[in-house]
Amino acid sequence: MKEKLYEIPLNDAMDAGEECPFCFLERKAEQELMDFVLGSCASYMESDTRAATDQEGFCRTHQKKMFDYGNALGNGWILKTYYKKLLKEMKEEFNHFAPQKISLKDRLMKKAGNENSIREWVTSKEKTCYICDRFSKRYERYVATFFHLYKNDSAFREKLTNSKGFCFHHFGDLCSGADQYLGDGERKAFYSVLFQLMEENMERMSGDIDWFIEKYDYLNRDADWKQSKDAVQRGMQKIRGGYPADPVYKMK
C-alpha cells in the first residue's frame, strides 16, 4: 500500500521502536513548534504570530523550555507585547472588580473565593498555551490517523503487534479513541491486541527495573546489564510519558 503524506509521522513513530510512539510524536512536534516560535525563521517578529502568542500566552512548562531554548531576544519580543496586553486586561479587570460579601457558612465550608472574578480571569489566562494548543490539534489528527491505519493497513497492524506498546498516558487516550473511531467488532479485536501489548511491555519494564536494582548487588557486579542500563528513565516514561533523560532542547 502506497504511504500517504499524513501517514508518514505515524509510521516513522512506529518504526522508531521506542517505548511509546506517541511520546516520539509529541517530542518531535514540540521541538518543531519551538523552532517555529523562536527559531531562525523569526516568526516572533511577525504580527500575526505575536497576536496569537499575546492571546494565548504559554504554560509554565513551555515558558521554561522557551527560556532554555536560548533565544533571549526572541523571548524578549514575545514578552514585550504580551505584557502590554496583559496589563491592559488587568486594569480593566481591576476597574470592574467588587469584593463579594462572604457568609460565615461559606468560609467554614471553604467555599470562599470560588466565585472571585479576578481568580477566574487569572485561571482563564493559565488555561491556554500557544504551543500546547497547537500540539493538541496535531495530536487529535495523530490519533485519528492511528486508527485509520489500524483499520486499513495490515503492515501497520503488524508494527503495532511487534511494538513496545505505549506509555500509560497515551494508552488511556487510545482506549477512548477506540470508542470514537472503531465499531463494536473492531473495538473488541483492538482491545485484545492493546491489552496484551500493554501487559507484556509493562511486565518487561518491571523486569528491567528489577534487574537494574539487582545489578547494584556486589554478587552481580560482573553480570550483563541486559536491557536495564536506562531502565529508570524508560520506566518513568512508561508511567507518565515524555523523555525524562532528554537534554534541554536549544536553538540550533
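The values are calculated or read from the model by the stated rules, or taken from the named source; none is laboratory data. Quick caveat, the model's predicted, so the values are computed rather than measured. No Cβ is skipped: glycine too gets one built from the backbone with ideal geometry, and neighbour counts run over all protein chains shown.
Of ASP222, ASP173, all but one fail to be on the phi < 0 side of the Ramachandran plot, assigned to a loop (DSSP other than H, G, I, E, B) and not small (Gly, Ala, Ser); the exception is ASP222. Scanning the range 158-170 for residues that are part of a helix (DSSP H, G or I) and closer than 16 Å to ARG240 by Cβ yields PHE168, HIS169, HIS170. Given the residues GLY76, GLY17, GLY70, which is the only one that is exposed (fewer than 15 other Cβ atoms within 10 Å of the Cβ) and without any contact (Cβ under 8 Å) to a residue 24 or more places away in the chain? Selected residue: GLY76, the only one of GLY76, GLY17, GLY70 that is exposed (fewer than 15 other Cβ atoms within 10 Å of the Cβ) and without any contact (Cβ under 8 Å) to a residue 24 or more places away in the chain. The residues in the range 225-252 that are part of a helix (DSSP H, G or I), surrounded by fewer than 16 Cβ atoms within 10 Å (Cβ to Cβ) and among the polar types (S, T, N, Q) can be counted, and the count is 1. Which of (1) closer than 30 Å to MET90 by Cβ; (2) at pLDDT 95 or above; (3) surrounded by 12 or more Cβ atoms within 10 Å (Cβ to Cβ) is the odd one out, the single condition LYS159 does not satisfy? Only one criterion is unmet by LYS159, namely (1). If you go through the range 40-51 and keep only what is touching a helix residue (DSSP H, G or I) at 6+ places or on another chain (Cβ under 6 Å) and either closer than 18 Å to LYS85 by Cα or modelled with pLDDT of 95 or more (or both), you end up with TYR44, THR49, ARG50. For the range 20-52, taking the residues that are more than 20 Å from TYR139 (Cα to Cα) and in contact (Cβ under 8 Å) with a residue 24 or more places away in the chain, the one that is surrounded by the most Cβ atoms within 10 Å (Cβ to Cβ) is identified as LEU38. For the range 2-60, a residue qualifies if it is outside any loop (DSSP other than H, G, I, E, B), within 26 Å of TYR243 (Cα to Cα) and aromatic (Phe, Trp, Tyr), and the qualifying residues are TYR6, PHE22, PHE24, PHE36. Being crowded, with 16+ Cβ neighbours inside 10 Å and at pLDDT 95 or above is a property that holds for PHE190. Identify, please: which residue in the range 1-13 is closer than 15 Å to TYR142 by Cβ and surrounded by fewer than 22 Cβ atoms within 10 Å (Cβ to Cβ) and is, among those, nearest to the chain's Cα centre (by Cα)? It comes out as PRO9.
Being buried (at least 18 other Cβ atoms within 10 Å of the Cβ) and either in contact with a Gly (Cβ under 8 Å, 6 or more places away or on another chain) or over 24 Å from TYR139 (Cα atoms) (or both) holds for only one residue in PHE212, PHE168, and it is PHE212.
A single member of MET236, MET198, MET202, MET251 is touching a residue at least 60 places away in the same chain (Cβ under 8 Å) and of a type outside the set (Phe, Trp, Tyr), and it is MET251.
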